[in-house]
Every structure is written in C-alpha cells, then in structure tokens.
Amino acid sequence: MTLIRKRKKNTLFKVLIYLSAVVLTLYILGPFLWMFISSISPEIELISGSRKWFPSNPTLKRYEALINKVEGARFRTAFFNSLIVATISTILTMFFGTLAAYCYARFKFKGKKSMVLGILFTQMLPGAAIVIPIYLFMSSLNLLDTKVGLILVYTGFIMPVAIWILKNYFISIPQEIEEAAIIDGATTFQILFRIIIPLVTPALFATGLYSFITTWNEFFFALILTGSNSKTIPVAITEFSTQGGVDYGMMCTAGVIGSIIPLVIAIIFKDYLVSGLTAGWAK
C-alpha cells in the first residue's frame, strides 16, 4: 500500500508540474499571440467591442505597408538602426567584457575588489537617475541622435553584466590548464584565445545573446537620446500612438516584426542561452 501511495503522489506531482508549465507557457505567450492576431485583424474588428480568437477576414496589408510601402519607410529605417546598434554593441561588449572578466578572474592587482564592487554598483542605479548627465555628456560630444552615441551608452550599460557572467566562468576553469600552457611557452593572449575561450563557448553565446536582446529591446535611453536619424524599433512603435488616436493594428504589426529577429536568435541558440546564463550565475 505504501508503494502504491508513493506512485500516486509521484503521478500527481508530475501532473501538477506539467499543468503549471502549460499555464506558465500560455501566460508568457498569450500577449504575443494576441498581438499577432490583432496585427492580421481588420480595423472594424479592432475597434468593435466584440473580439474573436481568430479574425473572420484576416489581412496582411499592414505587413505589406511596413515592409514595402512608403508609410513604412521610417519603421524600416528604425529596424536597420536597431540591427546596427545591437550588433555593434554586442561585439564591443563581448570583446572588452571578455578581456576585463579574464583580468578580474585571474590577475591580482591593487583595487581589484573595489573595481568589481563598482561594476556591480552601476547596475543598482535606475536609468532615470543618470539620464540627464548622460544626455548632457552626449550633447557635449555632438553624439545626440547618432548611432555611435547609442552604441557607447548601451555598451557601457551591458558590459558590467557581461563581465560578471564571464568572470564566474573563468574562475571555474582550473588554473592548472593555464599553468601547463605557460610551461609550454604560451603567452597570456594565446592562453586566453586558444585555450580558455573555447572552454567557455556556452558562456560567450549566452552573454552575446543577452547583450543583443537587451539592446534590441531597450526603449528609455533610445527615446531620450535619439530623434529622426537614429531612432530604434521600440521608439518607432510608439509613433503609431498620436494625439489623433492609437493605430492598434499597425502598432501590433510593428511589434510582431520587431520581435522576429530576437525570437529567431533565441530559438536557434536556446540551449546555449539557458545553460550559459544559469551556469554562469551559479558558479
């Protein structure tokens, strides 16, 4: 009887786990699914009080307008701005973040602990508290409404997180491997790029994906620091809401298009993203 009760409890526990997973998945994917449904719904159904789970006359005219028509020119410009800014910011973050993380993990120097705590402290400051100094600084350098200015700001904000993730990974690698390479005559850069980096590939993928997705989705600083020339997708989406009203259909369509690249990247590299982030924070 005891064995049967244990089996029943295990079965019930598994059912609850799977049920919770399904509910959580629907909760997370629900807004995106509703956004897609709204993007293909006719205008009359969007403004009417009655909504259906699937539109009776689905349409792709909004996607055609944003991709091919003149009215989507500003959105397409914002899309490519986001792609350029996110890509370059990620490359800079990965390069300098890797070098800094390796230094913090392996070398001993004066003020090391204070520097590490300083890096952590930067993540505790809310964006609203530092946006004015950053705005004035960018203005003094004539970098307002430029992709270069936005890249510098994003790199500075994401690099501390990258350093912490990679530092923990570097610490987890036995130093005996590096000592053996030193005996064989390898330099510090040879050890880093030929031995250590291949061992931390999951962490590099996870950090790079995190940097790209975070930069792609950032809105606050993009809104303050950009104008007509270098606005990104999150800012461009808000332009469908004006004093004359909100174009929910176009806003949802722009949101779906803007979600494609991060979604595809996350799906392709999901194993690296999950294993790299969880192991990086735990070690």
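From the list Leu99, Leu66, pick out the single residue that is under 14 Å from Ile257 (Cβ atoms), within 30 Å of the chain's Cα centre (by Cα) and not β-branched (Val, Ile, Thr).
Answer to the selection: Leu66.
Go through the range 146-197 and give me each residue that's farther than 28 Å from Leu117 by Cβ, open to solvent by less than 50 Å² (accessible area, probe 1.4 Å) and not in a helix (DSSP H, G or I).
Once the filter is applied, which keeps residues that are farther than 28 Å from Leu117 by Cβ, open to solvent by less than 50 Å² (accessible area, probe 1.4 Å) and not in a helix (DSSP H, G or I), the range 146-197 yields Thr146, Ala186.
Is it true that Gly156 is at pLDDT 85 or above and out of contact with any Pro (no Cβ under 8 Å at 6 or more places or on another chain)?
It is true that Gly156 is at pLDDT 85 or above and out of contact with any Pro (no Cβ under 8 Å at 6 or more places or on another chain).
Where residues in the range 202-235 are closer than 13 Å to Asn81 by Cβ and outside any helix (DSSP H, G or I), which of them is nearest to the chain's Cα centre (by Cα)?
Glu218
The values are calculated or read from the model by the stated rules, or taken from the named source; none is laboratory data. Bear in mind that the values here come from a model prediction, so they are computed numbers and not experimental data. Positions of Cβ are generated from backbone atoms using ideal geometry, with glycine treated the same way; all protein chains shown enter the neighbour counts. Please note that ligands, DNA and RNA were not included when accessible areas were found on the heavy atoms of the full protein model with its side chains. Shrake-Rupley method; radii C 1.70, N 1.55, O 1.52, S 1.80 Å.
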